[in-house]
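To keep things clear, I will list the structure first and then write my remarks on it.
The values are calculated or read from the model by the stated rules, or taken from the named source; none is laboratory data. Values in this document were obtained by computation on a predicted structure and should not be read as measured data. A quick note on method: Cβ atoms are made from the backbone with ideal geometry, for glycine too, and the neighbour counts reach across all protein chains shown.
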Amino acid sequence: MLEWDGPGDTTFVLVHGFTDLAFGWCEVAPRLAAHGHVIAPDLRGHGDSDWIGRGGYYHFLDYVADLDDVIRQLARSRVVVVGHSMGGSIAGYWAGTRPDQLAALALLEGLGPPDLSGSDGPTRTAAWIDSWRTARTRSKLMPSLDEAVRRLRRNDELLEEDLARRLAEAGTRPVDGGLTWKHDPLHATFGPYPYRLETARRYWERIKCPVLCVDGAQSRMNLPEPERAARRASFANVRHLVLEDAGHALQRHQPAKLAEAILELGTVSTCET
């Protein structure tokens, strides 16, 4: 958990994405902290949070319950939640669960993965069990921090080397023979339950406060625009923004412009109750 103190009654809650960590907001959070309180949790099994015990698993709604607890304990009276990628799905589920507690919501390429309704059943269950059993024996060992930096930049061509090194330093831990990523390898497995768009819509349709959906113009990890537009239409009060010179990880590529957009969103009226 990272926290930045700031003035006023607004708390910006920053929810990172899959295999990322709270430190991934390091370029955005200080810009927001000049205008309010900022908290960025390490989702369970990510960053410096504990891994689930033997025999356990990371069921998706566990993240939603964790976010609810963080907000309950730490947030001030106005809450603006920002979710990136998987963190956007978590934020959307939480916002639909607690719509009266939210001033505004920003989803950064966070409208969910492709709809997988109908893909559950015995084949998926068997694959989940088999991968869950062996996932922690397949940790990705890296001989040096330089290799971690190289892997980050290989998967994100817009990521500058200095920031990549800071992220690699924060996101790895030493083990025998080198370094490994901090997140639990169990996250590399497919969960037992598929993503169902109609379920997500039931949460989104309860959100009445302003919603900002942000996409990166150079993203290669987003849904097709017609599908994104159809999903955005589920929100009662939504605005769409595309950031140039940004890929999927907008918070890395355009932190100043992203923070400006979040701050503008954070000044709008609280949602109707």
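Condition first: under 18 Å from Ser139 (Cα atoms), surrounded by 17 or more Cβ atoms within 10 Å (Cβ to Cβ) and of a type in the set (D, E, K, R). Now tell me which residues in the stretch 1-53 satisfy that. Quick ask: steps written out before the conclusion?
Within the stretch 1-53, the subset under 18 Å from Ser139 (Cα atoms) is 18-21, 44-53.
Now drop any that are not surrounded by 17 or more Cβ atoms within 10 Å (Cβ to Cβ), which leaves 19-21, 44-47, 49, 51.
Within the stretch 1-53, Asp20, Arg44 meet the criteria.
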As an exercise: evaluate Phe190 against (1) over 18 Å from His46 (Cβ atoms); (2) touching a residue at least 60 places away in the same chain (Cβ under 8 Å); (3) not charged (D, E, K, R) and give the number of the one condition it does not meet.
(1)
Does the stretch 57-76 contain at least one residue that is touching a Gly at 6+ places or on another chain (Cβ under 6 Å) and either modelled with pLDDT of 95 or more or surrounded by 13 or more Cβ atoms within 10 Å (Cβ to Cβ) (or both)?
yes
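Of the residues Asp42, Asp50, only one is modelled with pLDDT of 95 or more, farther than 25 Å from Ala256 by Cα and of a type in the set (D, E, K, R); which?
Going through Asp42, Asp50 in turn, the sole match is Asp50.
Table: residues versus (1) part of a strand (DSSP E or B); (2) more than 27 Å from Gly247 (Cβ to Cβ); (3) not aliphatic (A, V, I, L, M).
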{"position": "Ser119", "(1), (2), (3)": "no, yes, yes"}
{"position": "Thr125", "(1), (2), (3)": "no, yes, yes"}
{"position": "Arg151", "(1), (2), (3)": "no, no, yes"}
{"position": "Ala164", "(1), (2), (3)": "no, no, no"}
When the residues of the stretch 129-161 are filtered to those that are basic (Lys, Arg) and either closer than 30 Å to Gln254 by Cα or in contact with a strand residue (DSSP E or B) (Cβ under 7 Å, 6 or more places away or on another chain) (or both), which remaining residue is surrounded by the most Cβ atoms within 10 Å (Cβ to Cβ)?
Arg153
Kindly indicate whether any position in the stretch 211-224 is closer than 30 Å to Ala127 by Cα and touching a Leu at 6+ places or on another chain (Cβ under 7 Å).
yes
If you go through the stretch 127-140 one residue at a time, how many are outside any helix (DSSP H, G or I) and over 25 Å from the mean Cα position of the chain (by Cα)?
0
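Give Leu241, Leu179, Leu263, Leu167 a once-over and let me know the one that is within 17 Å of Glu109 (Cβ to Cβ) and hydrophobic (A, V, I, L, M, F, W, C).
Numbers: Leu179 fails: within 17 Å of Glu109 (Cβ to Cβ); Leu263 fails: within 17 Å of Glu109 (Cβ to Cβ); Leu167 fails: within 17 Å of Glu109 (Cβ to Cβ).
That would be Leu241, the only listed residue that is within 17 Å of Glu109 (Cβ to Cβ) and hydrophobic (A, V, I, L, M, F, W, C).
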When you scan the stretch 236-243, do you find a residue that is surrounded by 15 or more Cβ atoms within 10 Å (Cβ to Cβ) and under 30 Å from Arg136 (Cβ atoms), even just one?
no
With the stretch 13-113 as the region, which helices (runs of 4 or more DSSP H) entirely inside it contain at least 3 residues that are under 16 Å from Pro255 (Cα atoms)?
29-33
Name, by its number, the condition in (1) of a type outside the set (Gly, Ala, Ser); (2) under 30 Å from Gln101 (Cα atoms); (3) surrounded by 16 or more Cβ atoms within 10 Å (Cβ to Cβ); (4) at pLDDT 95 or above that does not hold for His187.
(4)
